[in-house]
Amino acid sequence: MTRSPQHDILFTPLKIGPKTAKNRFYQVPHCNGGGYRDPSAVVEMRRTKAEGGWGVIFTEQTEIHPSSEITPFIEQHLWDDRDIPALARMAEAMKSHGALAGIQLAYSGINGPNLYSREVPLAVSGGPILTFTSDPVQARTMDREDIRDLRRWFRNAFRRSHEAGFDLICLYGAHGFGILQHFLSRATNHRTDEYGGNLENRGRFLREVVEDARETTKGELAVSLRMSLNEAGPFGFSNAELRDFIEMHGDLPDIWDLAHGTWENCSGTSRFKPEAAQEELVQGIKALTSKPVVGVGRFTSPDAMVRQIKSGILDFIGAARPSIADPFLPQKVEQGRYDDIRECIGCNICVSGDMTGAISRCTQNTAFMEEWRKGWHPERPRTKGHSQSVLVIGAGPAGLEAALQAGRRGYAVTLAEARQELGGRVARERLLPGLSAWGRVADYRTGQMAPMPNVEIYRDSPMETLDILGMGVEHILLATGSHWRRDAVARLHLHDIPTDPAMPIYSPDDLMAGKLPEGLRVTLYDDDHFYMGSVLAELLVAKGNRVDFVTPAVKVAEWTDNTLEQATIMRRLLDLGVEIHLNKAPETIGKDEVTLGCTWSGRQSILPAEAVVMVTSRRPEDRLYQELRGMDLANAGVKSLKLIGDAAAPGPIAWATYAGRRWAEELDQDPLGDALTFRREIADLLPEHRLTPT
Ligand code: ADP
Ligand code: SF4
């Protein structure tokens, strides 16, 4: 395989101040839900990106001082010298294959509630802390002494970053999260001193801090400014103001790193944002500065990357999610292995790991954040064990990943799927409004397995116990999926509710199979709270239905706060004219109406309806597994039988791919018994030292 010469430009080195990046693949800072709590897990995750060929690799947000921290979100700390060793290991890992190592330094100001450090938050202008969680905390306005302190804290962080071995410092002023943006923006800067008022004044702190960075690091480290491309609202730091600022201070940093206004905008899901969505906001900025420009856009297509560079929009292709989904993206482009690229599907499950304080996972790259914890690698398979043959039943995300990984390890794999099409749930969900990228989960895996001589795939092959036992395989995996319930049972109703059989009731599976309500007015009950309810509401509206969206939650699709989609979903439903009924749930379903109960007061109301769609919960499809369990498998030469994915416990697609990977990884491994299945680090205890009140 050879690379198209068209793509050569992506591999031309470029200077960033005193440093030179080996290519144009720039992994912008991104969180991972592990941060300071899981230092070695993060180090190995970044090392994998170095191995995969990235030219520049950054840490996640690194908090420079305890007077500004964003607990419960877990990022990095650089609070004192004791934080240096973990970050030094990170820098060493990033540089292990010739990448430049970058650290993103953040002071969160109005964005940091300090729930852990208990310090009074300091902000450019005081006021309630602006976070996702509406903490009942206000920040104090910084006076001149505080600003001097803050400059000193930044200088300390520069010194420590230098000592830790980083090549680049990124000053965080984007997404509403960093104090540099708070200074620049009239929304958050109400000051009347020399740090407030006109743009020159609002940019003063930025200029001072960049000067401090150069002085402290003796000009040896490159400085990047990560700036918001367009902060919304009448007082926000707009795209026009950003352009004015860059025109005034084009040479201030060594590189401009441009990211959309809010994190929600910058990291939009594929449902709402296409690849290269920020192009319009970035276009023309390069002409305002002699320094290189990096921008993001969920870039996975080398052609799209090349176009950005050749048309003078960007110098570096910034990527967070595409680098998570495929840490080897640069190497694959370099080697012309285009079909091997594991494209990000834009689902933001990775983001949800950070939002929930859990360690992040990726739907596509099942090894993400397991590189150290479990020794998984995104590309290199574990060597094969002593058995030879495996049978995987069901080609949904779980079965496809299991078959692919077992195939890579060298087992003789038979994959049997009842339907003609492969992909299970993603084969159907990819046809729903906005979800076409979900199909990449199936496309990548089927594409990878196609040339593998040791993997045989049987379509249209619904398996039963006798077929299975007759195959003489050593390991049997059931990844037979689940189906949606057609009743109200989920979180609120743990038992079904009285329902008149005359009312037509539909499940998401019905709608996905093209069985649509005949009547006009449809009640959609969502006690699932992820994407399916709102996606089906969109589908129904597109088919001409009038939709009443009923949910017991305080907002629609409430779990999508964790994928940064909730507000966009709400806007979309309102735009579509969907009638939203919050804090309500059906209590009884009549032949032409639904009786709703308020989840707080119990007050009832009547909703006329010609059909009801239940988006509630799913039943595992485990019949075959239960039947097999009752049989004498050992006698048939079977060494193991396992049930995974939605067939074991329905969950998001990422849970299923993970389960598939895990099964394949653990084939022929000695049972661990009660031992922990992953490595973790426990904080070192300091020597005991009691404080006695006097
Ligand atoms: P998961 O998300 O766990 O991968 P899916 O529901 O997406 O689950 O996929 C399960 C797949 O298993 C479906 O494509 C379904 O057609 C297939 N399947 C279920 N039962 C059988 C069976 N007995 N034989 C072969 N395939 C089956
Ligand atoms: Fe992309 Fe989803 Fe993986 Fe995040 S979790 S990197 S959005 S595929």
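Couple of notes before you dig in:
- Sorted fewest first by neighbouring Cβ atoms within 10 angstrom, S387, S238, S134 come out as S134, S387, S238.
- Only aspartates and glutamates eight or more places from K15 in sequence, or on another chain, were considered; those with a Cα closer than 16 Å are D167, E220, D251, D254, D257, D315.
- More than 25 Å apart - percent of Cα-Cα pairs taken over the range 559-694: 63 percent
- Solvent-free Debye calculation, one equal scatterer per alpha-carbon of the range 91-155: log10 I(q)/I(0) at 0.16, 0.26, 0.27 Å⁻¹ equals -0.63, -1.09, -1.15.
- Using the rule -39500 (n - 2.57) for each DSSP H run of four or more residues, divided by the residues of the chain, the 222 nm mean residue ellipticity is -8000 deg cm²/dmol.
- Partners of K384 within straight-line reach, counting lysines whose Cα lies under 17 Å from its Cα and excluding those fewer than 8 residues away in the same chain: K374, K639.
- Calculated from backbone phi, Karplus (6.51, -1.76, 1.60) coupling profile of the range 230-235 in Hz, x at Gly/Pro: 6, 8, 6, x, x, 9
- With 26 Å as the limit on Cα-Cα distance, the pairs of K515/K555; K49/K642; K95/K332 that go past it are K515/K555; K49/K642.
- At 1.306 mPa s and 10 °C, Stokes D of the range 484-618 from Kirkwood alpha-carbon radius, µm² per second: 110 µm²/s
- Label point distance in nm, Y116-E211, each placed 7 Å from Cα along Cα→Cβ: 3.4 nm
- Listed peptides 671-681, 610-620 by packing density, highest first (mean Cβ within 10 Å): 610-620, 671-681
- Backbone HN-Hα couplings from phi across the range 269-286 [Karplus 6.51/-1.76/1.60, Hz, Gly and Pro as x]: 6, 5, 4, 10, 10, x, 4, 6, 5, 9, 3, 4, 6, 9, 3, x, 5, 4
- For the peptides 84-97, 45-58, 357-370, residues were scored by their other Cβ atoms within 10 Å and the scores averaged per peptide; the highest-first order is 45-58, 357-370, 84-97.
- Calculated diffusion of the range 20-99, Stokes-Einstein form, Kirkwood radius summed over Cα pairs, 37 °C and 0.692 mPa s, µm²/s: 254 µm²/s
- Most simply put, the chain has about 20% antiparallel DSSP beta bridges, counting only bridges with both residues inside it.
- Ordering V489, V42 from the fewest to the most neighbouring beta carbons within 10 Å gives V489, V42.
- All distinct Cα pairs of the range 178-277 go into the 1/r average, and the inverse of that average, the Kirkwood radius, is 14.5 Å.
- Here the 3J(HN,Hα) profile of the range 127-138, calculated from phi with Karplus coefficients 6.51, -1.76 and 1.60 at θ = phi - 60°, is x, x, 5, 9, 9, 6, 10, 6, 4, x, 9, 10 Hz, Gly and Pro shown as x.
- Gain in span if fully extended, K555 to Q669, counting 0.36 nm per residue against the direct Cα distance: 36.5 nm
- When the Cα atoms of the chain are aligned to their principal axes, the ranges along those axes come out at 76, 68, 64 Å in descending order.
- Both radii come from the Cα set of the range 5-355: Rg as radius of gyration, Rh as Kirkwood radius; their ratio Rg/Rh reads 0.94.
- Under-5 Å amide H pairs with E593, H placed in peptide plane, nonlocal only: A609
- Exposure proxy ranking, count of Cβ atoms within 10 Å, fewest first, for Y458, Y172: Y458, Y172
- Since only N545, V489, I589 are under comparison, the one whose Cα sits farthest along the positive direction of the charge dipole of the range 484-618, derived from C-beta charges on Lys, Arg, Asp and Glu, is N545.
Rule-based calculations on the coordinates, nothing more; no lab input. These numbers were taken from a predicted model, which means no experiment stands behind them. Cβ sites come from the backbone with ideal geometry, for glycine too, and all protein chains shown count toward neighbours.
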